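Here is the structure we will look at, set down as structure tokens.
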Amino acid sequence: MVRVRIAPSPTGIPHIGNTRTALYNFLFAKANSGKFILRIEDTDRVRLVPESEKAIYEILRWLGLNWDEEYKQSDRLEIYKKHLRELVDKNFAYEDSGAFRFRMPKIGRTAWVDEIGKKEIIFDNSMQEDFVIIKSDGYPTYNFANVIDDHLMQISHAIRGEEFISSTPKHIQLYNAFGWQLPTFVHLPVILGPDKTKLSKRHGAKSVLDYRDEGYLKEALLNFMVLLGWNPGGNREIISIEEMIKLFDLKDVNTASPIFDVKKLEWMNGVYIRQAKPDELISNIKYQILNIKKNYLDESLIQKLVPLAQTRITTLNDFYDLAFPFLEDQHISLTKEEKEIAERLYRELSILDKWSNEAIFSVFKKFMGSEKVKMSIFYKIFTGKTSGLPLPQTLEILGKEKTLERLKN
Ligand code: GLU
């Protein structure tokens with residue numbers, strides 16, 4: 001039975017690295033009809049960031065990485081204390097100024113075969129020291145609580161970032177002291193920035209909530225993340241979550257570190273936006289405007305404008321940036337010539353009896369032909385910007401009354 005877990009510490013808002021770990025655990029569980037467990041590792045009371053626990057839940061829910069069981073270590077302190085007593089009784093642990101330390105062997109080696117690359121990783125025990133398992137505040141350390149919980153929760157595979165390799169000898173010696181079986185260790189290569197150093201904010205990497213708020217689609221983000229260290233073979237890049245579940249296999253996880261490329265994420269988001277069904281895109285955009293941009297929503301106008309924007313946007317927020325100049329009152333300062341054009345446009349458009357994009361365009365053409373007025377001037381008059389959604393179609397959708405009102409203003 002496959003049972004895997006993610007064990008986030010609520011010490012910050014999850015980023016692409018720990019969320020990719022969550023995705024791989026989820027996929028591995030689903031691909032093997034196993035269980036995916038969420039365990040909040042909140043025993044480091046000093047580094048606790050209050051809003052990060054909420055963010056962990058929010059991100060997993062948004063991405064649809066639904067878990068089967070959930071635990072929180074601060075609810076389990078009695079369990080760790082009980083196990084401490086067992087180690088003290090067996091002389092594997094001792095008290096050191098209010099804290100308890102585990103007695104590490106000092107001779108020999110600690111080794112395991114990691115699932116990634118199937119390579120043996122060996123640590124010399126002479127390099128190891130006795131480490132704290134229960135701190136003086138009574139809380140267990142990561143190393144101690146993590147091992148006890150992985151055992152009690154019957155975790156079959158500990159899939160986590162490569163940065164935990166150096167903790168694994170400690171874990172293995174704890175398993176041995178208790179006489180427990182080891183899980184399979186799976187250490188995922190760390191994600192690097194384009195300059196081959198560990199991915200960080202410097203590389204433009206953000207928290208996953210930031211990507212959501214900037215208008216990335218969850219499908220695109222999942223697809224982008226899954227390719228950071230895994231691929232289904234061939235040159236395929238666009239993969240749905242259903243296909244990921246079918247195809248995911250730990251043996252296809254690369255041993256080399258993946259490189260984070262934000263341009264690829266942008267490209268991928270554009271692909272997902274263009275292939276979205278209009279209704280889905282409309283509901284995503286409505287959600288974005290109401291909840292993230294916290295702006296009003298003229299539902300029927302938005303519904304009609306989205307198809308005009310679909311091929312022109314990379315993120316959901318791009319729609320907002322394109323459409324809202326038409327929907328909100330703007331203070332636009334025009335030159336004398338532009339003002340004159342606006343006045344004449346007002347007269348020409350007001351006498352149109354059929355309000356269609358063809359008719360509107362024929363009015364523009366008059367100016368463009370004899371007077372060489374550029375399209376960008378019309379954009380400026382209506383939106384203050386120099387380009388945007390296709391103008392005649394947008395004005396048709398906006399309606400004659402609103403268009404004239406804007407010109408008048
Ligand atoms: N609490 C650790 C973290 O923050 C868990 C590491 C592990 O999966 O063992 O990532």
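Worth pointing out:
- Total residues in the range 389-407 satisfying the condition of being part of a loop (DSSP other than H, G, I, E, B) and either among the basic types (Lys, Arg) or surrounded by fewer than 20 Cβ atoms within 10 Å (Cβ to Cβ) (or both): the figure is 2.
- Filter result (more than 24 Å from SER52 (Cβ to Cβ) and either part of a loop (DSSP other than H, G, I, E, B) or touching a Cys at 6+ places or on another chain (Cβ under 6 Å) (or both)) within the range 174-196: GLY179, TRP180, GLN181, LEU182, PRO183, PRO189, PRO194, ASP195, LYS196
- For the range 367-408, residues that are in contact with an Asp or Glu (Cβ under 7 Å, 6 or more places away or on another chain) and more than 19 Å from ALA309 (Cα to Cα) total 2.
- Of the numbered criteria (1) away from the ligand (no atom under 16 Å from the Cβ); (2) without any contact (Cβ under 8 Å) to a residue 60 or more places away in the chain; (3) part of a loop (DSSP other than H, G, I, E, B), the one ARG85 fails is (3).
- Selection from the range 126-166 of residues that are over 27 Å from LYS82 (Cβ atoms) and either more than 12 Å from the ligand (Cβ to nearest atom) or small (Gly, Ala, Ser) (or both): SER126, MET127, GLY161, SER166
- Checked against (1) more than 46 Å from the chain's Cα centre (by Cα); (2) part of a helix (DSSP H, G or I); (3) of a type in the set (Lys, Arg), LYS380 meets all criteria but (1).
- Screening the range 159-173 for residues that are in a helix (DSSP H, G or I) and of a type in the set (Gly, Ala, Ser) and picking the one that is nearest to ASN254 (Cα to Cα) gives SER166.
- Within the range 45-56, the set of residues being within 14 Å of the ligand (Cβ to nearest atom) and either in a helix (DSSP H, G or I) or in contact with a helix residue (DSSP H, G or I) (Cβ under 7 Å, 6 or more places away or on another chain) (or both) comprises SER52, GLU53, ALA55, ILE56.
- Looking at ARG39, ARG20, ARG3, just one residue is within 14 Å of the ligand (Cβ to nearest atom), among the basic types (Lys, Arg), surrounded by 16 or more Cβ atoms within 10 Å (Cβ to Cβ) and within 17 Å of TYR211 (Cβ to Cβ), and that residue is ARG20.
- Just so you know, in the range 353-364 the residues that are at pLDDT 95 or above and surrounded by fewer than 14 Cβ atoms within 10 Å (Cβ to Cβ) include one that is farthest from ILE377 (Cα to Cα), and it is LYS354.
- Total residues in the range 279-318, condition among the hydrophobic types (A, V, I, L, M, F, W, C) and either farther than 17 Å from GLY215 by Cβ or touching a residue at least 40 places away in the same chain (Cβ under 8 Å) (or both): 7
- Single unsatisfied condition, ILE13 versus (1) in contact with an Asp or Glu (Cβ under 8 Å, 6 or more places away or on another chain); (2) within 12 Å of the ligand (Cβ to nearest atom); (3) β-branched (Val, Ile, Thr); (4) in contact (Cβ under 8 Å) with a residue 60 or more places away in the chain: (2)
- Here THR11 fulfils each of the conditions (1) crowded, with 19+ Cβ neighbours inside 10 Å; (2) in a loop (DSSP other than H, G, I, E, B) apart from (1).
The values are calculated or read from the model by the stated rules, or taken from the named source; none is laboratory data. Only a predicted model underlies this, so the values are computations on that prediction, with no experimental measurement involved. Reconstructed Cβ throughout: ideal geometry from the backbone, glycine too, with neighbour counts over all protein chains shown.
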